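Just below is one structure, and these are the notes that go with it.
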Amino acid sequence: MSERDGGIETAMLPDVEIVELENGFRALLVERGPLPVVASLLWYRIGARDEKTGETGVSHFLEHMMFKGTDRFPKGQIDLLTSKMGGSNNAFTDNDSTAYYFAMAADRWETALEIEASRMRECLLDPREFASEKNVVLEELAMGEDDPWRPLYQATESLIYQVHPYHHPVIGWRQDLERLSVQQMRDYYARHYGPNRAFLVVVGAIDKARTAARIRELFGSLPRASEREEPIREPVPVGERRACLRTPHSVTRLCIGFPTCRMGERDDYALDVIAHDLGNSKNSRLYRRLVLKEELVTEVSVMNETRQDPGAIFFLFELRDGASLARVEAIVREEIGKQIEEGVGKKDLERIRAQIRSSFLFQDEAVLDLAMKLARFEAGTPEGFRTLATVLPTYDSLTQKELREAAAKYLDFDRAAIVTAVPAAAKAPSRKGRAPARKAEGARRKRR
Amino acid sequence: MSDSLRLSIAERELPSGLTLLAVHNPRVRTFACAVSLDIRPGDEPEDRSGLAHLVGECLDEGTSHHDALGLAAAVERIGASMEGNARGGVVMGPAASQKEALDLLREMVLEPEFPGREVRRVQAEIVTEIRAEEDDPRSVAARRFRREIYGDHPLGRPPHGTLRSLGKLKPKDLRAFHDAWFRPAGGFVAAAGPMEPERLLDQLTKVFGRFRGKPAKHVPMADVDLAATSRDAHLPMSREQVHVFLGHIGIRRTHPDFYVLSLMDHVLGTGPGFTSRVSKKLRDEQGLCYAVSAGITASAGEEPGTFTAYIGTSPEHRQKAIDGFLTEIRRIRSEPPSPQELQDVKDYLTGSFVFGLERNTNLAAYAIRARRFGLGFDFLQRYPDVVRAITPEQVREAAERHLHPDRLVVVSAGAS
């Protein structure tokens, strides 16, 4: 452990008690005080990745329906009980997962476990509720269509993935949603929702032994669901892919995506560092060049989105008034070329490591953040949450050579997907540009 | 009330009139510090709208010791993050680098240089931001809604300014604004982290002790009146959804009805999940929307906020949604919530406020709020009793006093 990080490595991995049940269910328990709060996070290995053509969006829609009542907790009860317990709940769906979480006062949080156990297999999926909630989901879809970033991001993702289910937006295609029947959703739920496809993380002021006993009691007799199937693999692209969106917005935007690797692979760490060096801070290459020096764009953001199956890295730009798209793209190519050739400067590397280290530290402030951190690694890496013990040493051990090689391997324009979003009124794509209200939030869909 | 909710907060007022606050958060290895000076919306000259915001945005664009990149690098090297705002700024980082981070925060807030090139660049970025907002029907409707409610009051101006007002601002205007209003008197510096509060106060005193200056003379602001009658405006834009805002002038944070109204808000429109009446009706039962809310306390601050009901829906549902809001507003004014409904809200509020105490930035903000609005640091201990004592009839009376369904401003933007 180095002096510089003040002992962060050793504390990255909290003391976790593991509960394993015969039906494949697993729970990670972390006791943490002194605030009397508990976060409970139930993570399902079910997401848009598991959907077939014709049923896209069902994972996310089902996530909404999981609040609409079970045998034991009728409609409205889940939210009411949560709020009566002084808590909050929410859920999200992304390409690989669906997660449900509660943050509650420590003296009453166990109701969250009862709710989760009940809705793992006994969600009612009432046809009337289904019909009404479908409207809500369609409104959510419409909201996304109006967003300046989401259609751009989705078009890029759909270009990168031509055959793999990551091709489909997490919220689904409108026509699939409109046609989706309650029976299709019931089948999907019965097939996928079960203890072997889920794990639980509980962090906070808990009694671990009591919690473990309660988990066994509530989840122990639940029957397994089917095992997860491997979707079709995405072939390596054999050339650049391009698309141009005409939008009702008056700002020109650009997204460039490259297919990458799986979460937790060594290259994933390298890509995190490269993403920092290229975008995401004032001192990054693309910000310095495009925002500060050339004054062509107002915002640069780089997202290294690794996933269960090989993910992608996205570069998003918002162009300034009058800036030329061709010029911006040429500079991005040039700067990525320099990144591949020069690697990450020594001082820059230190700065980036300090940023990464403290981003992990901040996730320890709140119980829900800590639960999310554990769950993300549990779900996404072969060693599960234990990966956290090696995360910072892995970042520190990356060599300059490895960083250059990773940049060269993945930031290859022969595999790029390039999408521009230009004002529908504009004749030429390089016309007026305008700026960012929100950054794209990636593929995650939240309940509210 | 459990002892774990007893916050240890220390306070020290410096001779300059600056108040230092230190909150003890022993279980974390990070810290945060916020500077919030006594700068008011009326301090910005009417023809310089957007100036205060621009000053905040440009604080980190170069100081007497660092240029913009140098300052950003210094912050990032210690694993911190820092940003300026119209009243000061915030830094957060690992507790191990607290001293360096506080020095950088002081430097950014008190010694900005506002270099011409950087100011012009940020101005151009804000211009782009304003144009993007003009593309976004929700922002368009929100801005017009404020304008309709506040009229010529400084709060009716768009905080970013307008394309015209922004274009006129020069670096010397930023320097003059900073000289005139970035004064210690009436301001707060609040830090939260694992350091013992008295020691933390000593450290803050060392860093901010030399911040001097005469108190500023604020420009008094006129009161805002309710609209004489209801009015309705729609701004058509080619989009999928229409965004509707409905409401009127609200209350200050110091209003004695604040707590009763916060219960009313939860019953009516800001309850968690879909427990509030408007989300149950408009989202859960009728499926009209993804996002819906209504409330008066969230925006209550030093100046009066607004009662705001919001929904994003399809254009064919616009009137149905407005009618739905009106029905619920009239209902909460005429009949008290059921004892059970109110009890559910009380259970939520008394159990949930502890979640606001987890993060350092929230703790620092809490300390400032407690002092600025005279809540007292024992507020957390008293709060549950204050909430429990409120009766259903008090909620109805407060709703009748503060909600005015016949004097509403309705503004929508988006699909027609």
**Filter result (hydroxyl-bearing (Ser, Thr, Tyr), under 26 Å from the mean Cα position of the chain (by Cα) and at pLDDT below 95) within segment B:307-338** = B:Thr313
**Complete:** B:Ala80 meets each of (1) closer than 30 Å to A:Leu35 by Cα; (2) of a type in the set (A, V, I, L, M); (3) touching a Ser or Thr at 6+ places or on another chain (Cβ under 8 Å); (4) more than 11 Å from every other protein chain (Cβ to nearest Cβ) with one exception, condition (4)
**Fill in**
Checked segment A:356-368 for anything part of a helix (DSSP H, G or I) and either of a type in the set (A, V, I, L, M, F, W, C) or modelled with pLDDT of 95 or more (or both); matches are A:Ile356, A:Phe360, A:Leu361, A:Phe362, A:Val367, A:Leu368
**Prompt:** Residues of segment A:329-353 being in contact (Cβ under 8 Å) with a residue 12 or more places away in the chain, within 14 Å of chain B (Cβ to nearest Cβ) and part of a helix (DSSP H, G or I), which ones?
**Reply:** A:Asp348, A:Leu349, A:Arg351, A:Ile352, A:Arg353
**Prompt:** Under 7 Å by Cβ, and 6 or more places apart or on different chains, what pairs join a residue from segment B:359-374 that is at the interface with chain A (Cβ under 10 Å from one of its Cβ atoms) with one that is part of a loop (DSSP other than H, G, I, E, B) and β-branched (Val, Ile, Thr)?
**Reply:** B:Asn360/B:Val28
**Prompt:** Quick check, is A:Ser158 within 14 Å of another protein chain (Cβ to nearest Cβ), surrounded by fewer than 22 Cβ atoms within 10 Å (Cβ to Cβ) and among the small types (Gly, Ala, Ser)?
**Reply:** no
**Request:** State whether the residues of segment B:336-351 include one that is away from chain A (no Cβ under 12 Å), of a type in the set (Gly, Ala, Ser) and within 30 Å of A:Gly204 (Cβ to Cβ).
**Result:** no
**Fill in**
Residue hits (segment A:263-297; within 17 Å of the chain's Cα centre (by Cα) and either without any contact (Cβ under 8 Å) to a residue 60 or more places away in the chain or not assigned by TED's automatic domain parsing to the domain that holds A:Val422 (or both)) are A:Glu265, A:Asp268, A:Ala275
**Boolean, A:Thr252 is closer than 15 Å to A:Ile418 by Cβ and crowded, with 23+ Cβ neighbours inside 10 Å** = yes
**Matching residues in segment A:263-292 - criterion: being part of a loop (DSSP other than H, G, I, E, B) and within 14 Å of another protein chain (Cβ to nearest Cβ)** = A:Gly279, A:Asn280, A:Ser281, A:Lys282, A:Asn283, A:Ser284
**Complete:** In segment B:150-167, residues that are among the basic types (Lys, Arg) and surrounded by 15 or more Cβ atoms within 10 Å (Cβ to Cβ) total 1
**Filter result (under 26 Å from A:Arg266 (Cβ atoms) and either within 14 Å of another protein chain (Cβ to nearest Cβ) or part of a helix (DSSP H, G or I) (or both)) within segment A:302-328** = A:Leu316
**Criterion (surrounded by fewer than 23 Cβ atoms within 10 Å (Cβ to Cβ) and closer than 28 Å to A:Pro310 by Cβ) met by exactly one of A:Arg150, A:Arg72, A:Arg108, A:Arg128** = A:Arg150
**Message:** Of all residues being surrounded by fewer than 21 Cβ atoms within 10 Å (Cβ to Cβ) and not in a loop (DSSP other than H, G, I, E, B) in segment B:278-292, which is farthest from the other protein chains (Cβ to nearest Cβ)? Just the residue, please.
**Reply:** B:Lys281
**Request:** Taking B:Phe307 as the residue in question, decide whether it is surrounded by fewer than 19 Cβ atoms within 10 Å (Cβ to Cβ), hydrophobic (A, V, I, L, M, F, W, C) and either more than 7 Å from chain A (Cβ to nearest Cβ) or outside any helix (DSSP H, G or I) (or both).
**Result:** no
**Message:** Going by what's in this entry, would A:Ala243 be described as in a strand (DSSP E or B), away from every other protein chain (no Cβ under 14 Å) and farther than 18 Å from A:Leu411 by Cβ?
**Reply:** yes
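The values are calculated or read from the model by the stated rules, or taken from the named source; none is laboratory data. Please read these numbers as outputs of a predicted model, since none were measured by experiment. Positions of Cβ are backbone-derived with ideal geometry, glycine not excepted, and every protein chain shown enters the neighbour counts.
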